[in-house]
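Report on the following structure.
The values are calculated or read from the model by the stated rules, or taken from the named source; none is laboratory data. Please read these numbers as outputs of a predicted model, since none were measured by experiment. Every residue, glycine among them, receives a Cβ derived from its backbone with ideal geometry; neighbour counts consider all protein chains shown. These area figures cover heavy atoms from the full protein model, side chains too; ligands, DNA and RNA do not enter into them. Shrake-Rupley method; radii C 1.70, N 1.55, O 1.52, S 1.80 Å.
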2 protein chains.
Amino acid sequence: MAGKTARSSAKPLLRTLAGEVLARPPWWLMRQAGRYLPEYRELRTKAGDFITMCLTPSLAAEVTLQPIRRFGMDAAILFSDILLVPRALGQRLSFANDGPALEPLSETSDLRRLNSERIAGQLAPVGEAANRVKEGLTADIALIGFAGAPWTVATYMVEGGTSRDFRRVKGWAYRDPVRFGALIELLGAATLEFLSLQIVAGVEAVQLFDSWAGALSPQGFKDWVIAPTRRLVVALKQRFPQVPVIGFPRGAGLLYERYAAETGVDVIGLDTAVPAKFASDRLQCRVPVQGNLDPVLLLSGGDAMRRAVAELRATLGRGPYVFNLGHGVLPETPPEHVAELARMMAEPLPIG
Amino acid sequence: MAGKTARSSAKPLLRTLAGEVLARPPWWLMRQAGRYLPEYRELRTKAGDFITMCLTPSLAAEVTLQPIRRFGMDAAILFSDILLVPRALGQRLSFANDGPALEPLSETSDLRRLNSERIAGQLAPVGEAANRVKEGLTADIALIGFAGAPWTVATYMVEGGTSRDFRRVKGWAYRDPVRFGALIELLGAATLEFLSLQIVAGVEAVQLFDSWAGALSPQGFKDWVIAPTRRLVVALKQRFPQVPVIGFPRGAGLLYERYAAETGVDVIGLDTAVPAKFASDRLQCRVPVQGNLDPVLLLSGGDAMRRAVAELRATLGRGPYVFNLGHGVLPETPPEHVAELARMMAEPLPIG
């Protein structure tokens, strides 16, 4: 990697994130802890609601470790949610079957009611969960923390949940970019605090989920994805220069390259639609890449899955590469398919 | 345009689609006929349901002409729906507030029950509507017909409506590509018939909406977007060599260029996320382009809209260019914003 020295470390994931090319690329899966696992569903039934699970350190830690025990991924990712940040800022949040629901912010809302100084206190349980996970992990498995990127968190805060066309949040950004910029700024500060407390508690890498990056126009992508991400990465690097940042701008499409060049993230997460050849030719020359098996292939399994996994590893494994999905594990995924994937991941790449 | 002779024609839209660069680029809007217009809502209330409006020639023609009377776009687009094809094939279809609902097809459904020979008879009213529209259009305004591309229509048929993750349709395609390929083939044949009857009735260009092209992995995009589109374009060109085909692979991202190079479409529709500079550098050297103002900008209006419109015209207007949105008009759009857009569209580009 240009300008980087590959640091040696015991953990395969961290070696790859630092730019090393390993004979056996490490792997983990977005949403690897969750509803597709019977042991998760059992605990969830007992615990009651999702937010309680996230904010009860013993439960969050247990759920984080469940997939590692079964499948031995190279990384655990802290069981948490990107919407804990708006909740900690003071916005009401609940989860129903069809997704999250927030009391929506609007252009006339008083942003001073959102207080980023509450993050460290409110989200301390996430740090405690990280502490507990670290105790349960063997020496070769890394712990990843995460947060939503400011744009994506803002979409939920303004739309009040998921959205099809993002008319409220984009409309605000178009009509009043200064005030919308203040919300993004505030979210940047809150995210910095949230990631900092995770890092202090022991996470060894962080991922920024910008799940709705693809909803923006090119100018919006520059203003609300690239610029705030760059500012956040700079601030993180000042505090924690050694902790790698994985950026995942889902749906960035034609702007993936620009995101890689301008944000300063150490690693790029690829969504399902990114061609492996593009990633290998245009992104891996800058940074390690992570991704991007279609979650529907893990759901349906069989020959199609095996072929696609082998192809991804053959193409991207020539450079620094973390195997992952292009989006989260689907709740209906049979655990046996993940077990089969784990067996494939245990094999080194064929030489040549 | 390489290999193309710009044909002269009275209608600005057709001149542009043939590759001419005009001082005043022509324009129309996806979903320019529809719920944002009070005269549409009034007619819709009288007519009852949406399918009746599509299949009653006098109503469909009237609704098609409404935006032209108000705003004088350079093209009318036939008021119709991409799901009329599965309905004509024999699948049950209804429209509720949250979108279309179809009785979903599955991997064990008998595809022989879907009969593409019924298209011409069942969808004859769409041809009649086209006839009527032609009578109401002045000599300089073109009439566009359209259909869904096979992949996108298949997603609705298999998911039973809109979908977030397309797990049913992609799962089928992964598990049994031969039989899924037969469905795509059948949809190709049906779409050919649907577009043919529109062309025979007088539409002068056709657009293929591949609204869910962006949901596929790169291999899926090759198999289910590029290949069926190419076959359909070849078949259309054999019947109607003079009728331009606009391909709109929404969300194609990094595969836009490949789509332009391999499908044989005459014109590329750009979604909201495509950077104008990319379109100008990499697509317009092959084909005219159409797009791609964010519909949320038309909804919110004002300075932000005016600036974005001027920028798009300045960048893309140097080549053959049809101004449009990057997705359909949102139902809440104030008609006054469209009127302001129309005034901007009446001006030629500044020279230089």
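Across segment B:237-260, the number of residues qualifying as away from chain A (no Cβ under 14 Å) and over 13 Å from residue B:191 (Cβ atoms) comes to 9.
Every residue, every condition in (1) outside any loop (DSSP other than H, G, I, E, B); (2) over 26 Å from residue B:347 (Cβ atoms), yes or no:
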residue	(1), (2)
B:39	yes, yes
B:46	yes, yes
B:53	yes, yes
B:58	yes, yes
B:61	yes, yes
B:70	yes, no
B:82	no, yes
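One residue stands out in segment A:81-94 among those that are more than 25 Å from residue A:337 (Cβ to Cβ) and open to solvent by 10 Å² or more (accessible area, probe 1.4 Å): the one that is nearest to the chain's Cα centre (by Cα), namely A:82.
When A:113, A:87 are checked against the criterion of being closer than 19 Å to residue A:155 by Cα, modelled with pLDDT under 95 and basic (Lys, Arg), A:113 stands alone in meeting it. When residue B:346 is tested against (1) away from chain A (no Cβ under 14 Å); (2) open to solvent by less than 30 Å² (accessible area, probe 1.4 Å); (3) within 29 Å of residue A:176 (Cα to Cα), just one condition goes unmet, and that condition is (2).
Of the residues that make up segment A:224-231, is at least one touching a Gly at 6+ places or on another chain (Cβ under 6 Å), aliphatic (A, V, I, L, M), over 16 Å from residue A:146 (Cβ atoms) and touching a residue at least 12 places away in the same chain (Cβ under 8 Å)? For segment A:224-231, residues touching a Gly at 6+ places or on another chain (Cβ under 6 Å), aliphatic (A, V, I, L, M), over 16 Å from residue A:146 (Cβ atoms) and touching a residue at least 12 places away in the same chain (Cβ under 8 Å): absent.
Can you confirm whether segment B:198-214 contains a residue that is within 14 Å of another protein chain (Cβ to nearest Cβ), over 23 Å from residue B:127 (Cβ atoms) and not in a loop (DSSP other than H, G, I, E, B)? Yes: segment B:198-214 contains one or more residues that are within 14 Å of another protein chain (Cβ to nearest Cβ), over 23 Å from residue B:127 (Cβ atoms) and not in a loop (DSSP other than H, G, I, E, B).
The set of residues in segment A:223-236 that are within 14 Å of chain B (Cβ to nearest Cβ) and either among the β-branched types (Val, Ile, Thr) or crowded, with 22+ Cβ neighbours inside 10 Å (or both) comprises A:224, A:225, A:226.
Here is a check on your reading of the model: is residue A:220 within 14 Å of another protein chain (Cβ to nearest Cβ), surrounded by fewer than 17 Cβ atoms within 10 Å (Cβ to Cβ) and more than 25 Å from residue A:25 (Cβ to Cβ)? When the stated conditions are applied, residue A:220 does not pass them. Selection over segment A:278-305 of residues that are more than 8 Å from chain B (Cβ to nearest Cβ) and more than 17 Å from the chain's Cα centre (by Cα) gives a count of 11. The numbered conditions (1) out of contact with any Phe, Trp or Tyr (no Cβ under 7 Å at 6 or more places or on another chain); (2) within 13 Å of chain B (Cβ to nearest Cβ) are all true for residue A:267 except (2).
Return a yes/no flag: does segment A:154-163 have any residue that is open to solvent by less than 40 Å² (accessible area, probe 1.4 Å) and within 20 Å of residue B:302 (Cβ to Cβ).
Just the residues of segment A:154-163 that are open to solvent by less than 40 Å² (accessible area, probe 1.4 Å), to begin with: A:154-161, A:163.
Subsequent filtering for residues that are within 20 Å of residue B:302 (Cβ to Cβ) retains A:158.
Yes, some residue in segment A:154-163 is open to solvent by less than 40 Å² (accessible area, probe 1.4 Å) and within 20 Å of residue B:302 (Cβ to Cβ).
Being closer than 30 Å to residue B:187 by Cα, crowded, with 22+ Cβ neighbours inside 10 Å, within 18 Å of the chain's Cα centre (by Cα) and not small (Gly, Ala, Ser) is a condition met by at least one residue of segment B:31-46.
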